[in-house]
1. In the stretch 4-24, is there at least one residue being within 23 Å of F208 (Cα to Cα), modelled with pLDDT of 80 or more and assigned to a helix (DSSP H, G or I)?
2. Checking F355 against (1) more than 21 Å from E258 (Cα to Cα); (2) within 14 Å of the ligand (Cβ to nearest atom), only one condition comes out false. Which one?
3. Restricted to the stretch 306-338, and to residues that are in contact with an Asp or Glu (Cβ under 7 Å, 6 or more places away or on another chain), within 13 Å of the ligand (Cβ to nearest atom) and part of a loop (DSSP other than H, G, I, E, B), which residue is nearest to L266 (Cα to Cα)?
4. Given the residues I271, I282, which is the only one that is more than 16 Å from the ligand (Cβ to nearest atom) and either surrounded by 13 or more Cβ atoms within 10 Å (Cβ to Cβ) or closer than 25 Å to Y429 by Cβ (or both)?
5. Return the pair list, or none, for Cβ contacts closer than 8 Å from residues in the stretch 302-313 that are under 11 Å from Y339 (Cα atoms) to residues that are near the ligand (Cβ under 8 Å from one of its atoms) and modelled with pLDDT of 95 or more, at least 6 apart or on different chains.
6. Do you know which residues across the stretch 249-272 are in contact with a Leu (Cβ under 9 Å, 6 or more places away or on another chain) and part of a helix (DSSP H, G or I)?
7. Cβ contacts < 8 Å: first residue modelled with pLDDT under 80, restricted to the stretch 143-158; second residue assigned to a strand (DSSP E or B), any location; separation 6+ or different chain. Result?
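The values are calculated or read from the model by the stated rules, or taken from the named source; none is laboratory data. All values reported here derive from a predicted model rather than from experimental measurement. So basically every Cβ, Gly included, is an ideal-geometry build from the backbone, and we count neighbours across all protein chains shown.
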Amino acid sequence: MHTPQALTRLDDALLDHPRRSLFLRLVAAWLVLTSLCAFAAWRFGISQVDAQLADRVRQETVRYAALFSAYAAAPDTSRKARLDAELARLTSDGFRIIRLYDADGNPAATMQSPGASGYEAALAREAPARPDRHTEIWRRISLFGQPHMLMVGPIHDPNGALVGYGSAIYRFDRGTIESLEGLVRMVSLMTAATVLASFAMVYPLVAFLNRRLLRSARELMSSNIGTLKTLGSAIAKRDGDTALHNYRVTIYAVRLAETLQLDRKLIQRLIIGSFLHDIGKIATPDTVLLKEGGHDEAEKRIMRQHVGHGVDIVKQYPWLASGVDVVAGHHERYDGSGYPLGLKGDAIPLIARIFAVADVFDALASTRPYKRPYPYDKIIDMLTGELANQFDPTILRAFVPISGELHAACAGLDEARADALLNEIVARYFPGARPDRRERTINAAAGPHRQSA
Ligand SMILES: [Fe+2]
């Protein structure tokens, strides 16, 4: 079940281009997930390779550790000869250098592979100068462009007693490393392919569910827009014959907001607020609302209560409540002389300041029981002269240049054409309420309604 709040948060791009948007998002998600999985597989594989290599080297040192242990326990010529022979065997195979220390960490012997050079300096650089009981290192390092293993650690006798320390560098056969790393690369690629295959299998289901979700969202958005227009029209018809005032002020306000380059979300709130700005009049008694002639002070107080009633009504439904700034502030004036709070300047929400210009402009341009419409030039004189203090000067300056075009476009506008113009605005700012392709085809066939606002 989608709440109205969730609906208003539906991403516009998703509603505008649902298939492309969904596809792009899934591709982005696949790329991220594949990269993460492949990286994790690679890291895990490499750590396994290192563990295997370390294990292989460790096995080769078992005999050597036993000989060193025997020699350290009871040094004699024959044990020394056996140890040297084992060291020579090791350094003629994979070990490039082996250095032994006694139990106190003092150097005892060093054996290098015949012909190997540079390893003494490498061991001095990579291994601690004096091993201790707490240091054990098994680390892959690169020397002379070849993979090597650095080892540093204690040597124990068969009973577990410490007899000394050893540090060594072992050179791996490049072919062995490459074959193991090739295996890791293959596992990483297979992981990426598996993630891709999973996405490919899930995509049709996600696309199907997404289409259903979007259809529900569009239906709900259309219902919300319908509710908005119905409520606005209902209250407009209480004190007039048509909802044209609501349509016109919304058109004026949105055009002005666009001129001011307002954020899309703010314009959505402005549209909702424009439709509902006088909804509180539903609670105003007919004897006051429909009274001809002027109101006395008590009646004015009752009339002014429509702002508070309007706020009470719209705040009950979150989607409508997003227009509350206009409902609450449409009678506030920039100079502080408005109502109900007498807010001044920027303390009045921006969309209420914009709406106030549109509302007064339409009032001056319209027929009312107590007045005929003023000519356009007279309206502009009034807005920029005796009424100017009521309005935000920046907003008024932006409105005057577009007011002639708006006045001409909306003069003599009938309800059907005003409704068509308004639908166009609504579709622009509430993509979810846009008619589907079939409805748009019918509308196009019915004739051109487009008219510049
Ligand atoms: Fe009002």
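1. Filtering the stretch 4-24 for residues within 23 Å of F208 (Cα to Cα) gives 4, 6-24.
Restricting the remaining residues to those that are modelled with pLDDT of 80 or more gives 24.
Subsequent filtering for residues that are assigned to a helix (DSSP H, G or I) retains 24.
The answer is yes; a qualifying residue exists.
2. Tallying (1) more than 21 Å from E258 (Cα to Cα); (2) within 14 Å of the ligand (Cβ to nearest atom), F355 fails exactly one: (1).
3. Result: H330.
4. Numbers: I282 fails: more than 16 Å from the ligand (Cβ to nearest atom).
Testing whether each residue is more than 16 Å from the ligand (Cβ to nearest atom) and either surrounded by 13 or more Cβ atoms within 10 Å (Cβ to Cβ) or closer than 25 Å to Y429 by Cβ (or both) leaves just I271.
5. Taking only residues 6 or more apart or on different chains, the pairs are R304/H331; V307/H330; V307/H331.
6. We begin by selecting, within the stretch 249-272, every residue in contact with a Leu (Cβ under 9 Å, 6 or more places away or on another chain); these are 250-257, 260, 262, 266, 270-272.
Across the stretch 249-272, the qualifying residues are T250, I251, Y252, A253, V254, R255, L256, A257, L266, L270, I271, I272.
7. H156/L162; H156/V163; D157/V163
Every residue, every condition in (1) surrounded by fewer than 24 Cβ atoms within 10 Å (Cβ to Cβ); (2) among the small types (G, A, S), yes or no:
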position: D278; (1), (2): no, no
position: E292; (1), (2): yes, no
position: R304; (1), (2): yes, no
position: G308; (1), (2): yes, yes
position: V314; (1), (2): no, no
position: Y317; (1), (2): yes, no
position: G323; (1), (2): no, yes
